[in-house]
Amino acid sequence: MSADIAVLGAGMHPWGKWGRSFVEYGRAAARTALADAGLEWSDVRSIVGADTVRSGYPGYVAGATFAQALGWQGARVTSVYAACASGAQAIGAARAQILAGLADVVLVVGADAAPKGFFAPAGGDRPDDPDWLRFRVLGATNPAYFGLYARRRMAVYGDTLEDFAQVKVKNAAAGALNPLARYRKPVTAEEVADSAVVADPLRLLDICATSDGGAALVLSSMDFARSRGVADPVRIRAVSTVTPTYPRTVLDLPDIATDSVTAVRPAPGSFRASIARAAYEEAGLGPGDLSLAEVYDLSTALELEWYEDIGLCAEGEGAKLVREGATALGGRVPVNTSGGLASFGEAVPAQAIAQVCELTWQLRGTAGDRQVPGARAGITANQGLFGHGSAVVAVR
């Protein structure tokens, strides 16, 4: 049995700081995706919502919240949460329902209304919660970890501040071409260097913002797509949601220590590399088959690490790719043609869905000035707190 499913529709609410409910962003994205698919909401037999933890109970049951916002019509409902990997989990749940024959058409929606500034822990005292502990014991916000990752790359691989700045320059150039991006202005390396230090060595322009936004996909069985006259849709061929293996020897959010290696030798490769590897294995493709990639650039230094994790180069050679222009528009394998988080900011449950929206438009050949010529295959990659892997392979 083929594991492919069709992407019939993709839609997004522009990213920004709009000051409205996440429900509004998700509903707008859903309606755009349905219109793109040429379907009515009444045609959808299942809806999967990616949850947000920042909007009270409606955010915890996002699938039902979006179903009600669109108008109750009896569809099956699912709500999922996996931090930054929530969108991929939602896509995976929808794909499983389609392949199991539970629904021919599934709507996937994620949206967020983010606070100003850094993400903070949820309220209350929870001394057994690692996320609470890292804020209260260490005072470690997300950018504190990003700074540690960057320092490690500088120490181990020789990456420089200029390498990090070039990632921002590259992504800002792509984001300037994307009408859905929050930041649509080219940036120079000098502007990155002159921006305020947030978590040494990273500057303000090295780190993504927190944003409001929404994204949605209409997914279907291949038979349903053909019945609607869509003979050659973009297809999702793999969804990876793997977890780490013990022991972990590199510090990761939200942990405050690594695992002991006294009794068990660490497995080769990183957790992030295993996320992409599982997606490639399921899709029957490899890094050499990629036309483009969308990765989670929470910071400029982290994007360089993703190059290595998805197999575009060997460990420690990510900076070499950005110096050569290999990952820029027009390069060998453009990465973050959407502009990435550098241009959008982070709307947590929507982001992995938005990554697949960008792949969809690129593989259709409708990405406008950002278009990668002849794009045939792409991968998305990110990681959610507490060991949630997230990668999607799409082909055409």
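The values are calculated or read from the model by the stated rules, or taken from the named source; none is laboratory data. Predicted model, so just to flag it, every value in this text is computed and none were measured. When we count neighbours, we look across all protein chains shown, and the Cβ atoms used for this are built from the backbone with ideal geometry, even at glycine. The accessibility values were calculated without ligands, DNA or RNA, using every heavy atom of the protein model including side chains. Shrake-Rupley method; radii C 1.70, N 1.55, O 1.52, S 1.80 Å.
State in Å² the accessible area per residue of the range 20-61; use a 1.4 Å probe, count heavy atoms of protein chains only, and round to the nearest integer.
Values: 1830 Å² over 42 residues.
Using a 1.4 Å probe on heavy atoms only, each residue of the range 20-61 averages 44 Å².
So with the 1.4 Å probe, I'd like the accessible area per residue for the range 196-244, rounded to whole Å². Can you show the working numbers first?
On the way: 1810 Å² over 49 residues.
Normalised by residue count, the accessible surface of the range 196-244 is 37 Å².
Would you mind calculating the relative contact order of the chain from Cα pairs under 8 angstrom and at least 6 residues apart, reporting the percent as a whole number?
On the way: 936 pairs, mean separation 98.4, N = 396.
Averaging sequence separation for qualifying contacts and normalising by length gives 25 percent for the chain.
Whole-Hz ³J(HN,Hα) for each residue in the range 298-307, computed from phi via Karplus 6.51 cos²θ - 1.76 cosθ + 1.60 with θ = phi - 60°, x for glycine and proline: what do you get?
3J(HN,Hα) across the range 298-307, in whole Hz: 4, 9, 5, 5, 5, 4, 4, 5, 4, 3.
Can you check what the Kirkwood hydrodynamic radius comes to for the chain, Cα pairs only, in Å to one decimal? Numbers along the way, then the final one.
On the way: mean 1/r = 0.0479 Å⁻¹.
Value: 20.9 Å, from the Cα pair sum.
Pop out the ³J(HN,Hα) list for the range 71-88 in order, Karplus 6.51 cos²θ - 1.76 cosθ + 1.60 with θ = phi - 60°, rounded to Hz; leave Gly and Pro as x.
Running phi through 6.51 cos²θ - 1.76 cosθ + 1.60 with θ = phi - 60° gives x, 3, 9, x, 5, 4, 10, 9, 10, 9, 9, 8, 6, 5, 8, 4, x, 5 Hz.
Once you put a point 7 Å from the Cα of ARG136 and another 7 Å from the Cα of TYR57, both along the Cβ direction, what distance in nm separates them?
With each label point 7 Å from Cα toward Cβ, the separation is 2.6 nm.
With a 10 Å radius around each residue's Cβ, average the other Cβ atoms per peptide and rank 104-110, 279-285, 116-122, highest first. Could the numbers behind the result be given before it?
Numbers: 104-110: 28.9, 279-285: 18.0, 116-122: 12.0.
Going by the mean number of other Cβ atoms within 10 Å, highest first, we get 104-110, 279-285, 116-122.
Using alpha-carbon positions, what is the distance between the centroids of the range 330-396 and the range 292-311, in Å?
11 Å
What accessible surface, in Å², does a 1.4 Å probe find on SER55, ignoring ligands, DNA and RNA and rounding to the nearest 10?
Taking all protein chains as shown, SER55 has close to 40 Å².
Which one of ALA278, GLY389, LEU70 is farthest out on the positive end of the charge dipole of the chain, using unit charges on Cβ (Lys, Arg +1; Asp, Glu -1) and the Cα centre as origin?
The residue sitting farthest along the positive end of the dipole is LEU70.
Go through 318-326, 35-43, 5-13, 348-356 and give me the packing order, highest mean Cβ count within 10 Å leading. Present the calculation step by step, with values, prior to reporting the outcome.
Details: 318-326: 18.7, 35-43: 16.2, 5-13: 25.6, 348-356: 30.1.
Most protected by this proxy first, the peptides run 348-356, 5-13, 318-326, 35-43.
Using amide H atoms built 1.01 Å from N in the peptide plane, name the residues 5+ places from LEU202, or on other chains, whose amide H lies under 5 Å from its own.
none
Per residue, how large is the accessible surface of the range 106-192? Use a 1.4 angstrom probe and give square angstrom.
Numbers: 4070 Å² over 87 residues.
I get 47 Å² per residue for the range 106-192.
Roughly to the nearest percent, how much of the accessible area of the range 1-126 is carbon and sulfur, given a 1.4 Å probe?
Values: 2730 of 5040 Å².
It is 54 percent, rounded to a whole number.
Relative to the Cα centre, what is the charge dipole magnitude of the chain, using +1 at the beta carbon of each Lys and Arg, -1 at the beta carbon of each Asp and Glu, and rounding to the nearest 20 debye?
So the dipole magnitude of the chain works out to roughly 600 debye.
How much of the accessible area of the range 141-294, probe 1.4 Å, is carbon plus sulfur, in whole percent?
Working: 3850 of 7010 Å².
Of all accessible area on the range 141-294, carbon and sulfur atoms account for 55 percent.
Distances over 16 Å make up what percent of all Cα-Cα pairs in the range 245-320? All intermediate terms of the calculation are to be shown ahead of the outcome.
Numbers: 1642 of 2850 pairs.
Pairs farther apart than 16 Å: 58 percent.
Give the cross-link partners of LYS17 among the lysines, using a straight C-alpha distance below 29 Å as the criterion and excluding same-chain residues fewer than 8 apart.
Reachable lysines: LYS116, LYS168, LYS170, LYS185.
As a check on your grasp of the helix formula, calculate [θ] at 222 nm for the chain: sum -39500 (n - 2.57) over DSSP H runs of n ≥ 4, divide by the residue count, round to the nearest 500. It would help to have the intermediate numbers written out before the result.
Working: 14 runs with 147 residues, N = 396.
Result for the chain: -11000 deg cm²/dmol, rounded to the nearest 500.
What percent does the relative contact order of the range 224-295 come to when contacts are Cα pairs within less than 8 Å and at least six residues apart?
Values: 49 pairs, mean separation 23.2, N = 72.
Worked out over the range 224-295, it gives 32 percent.
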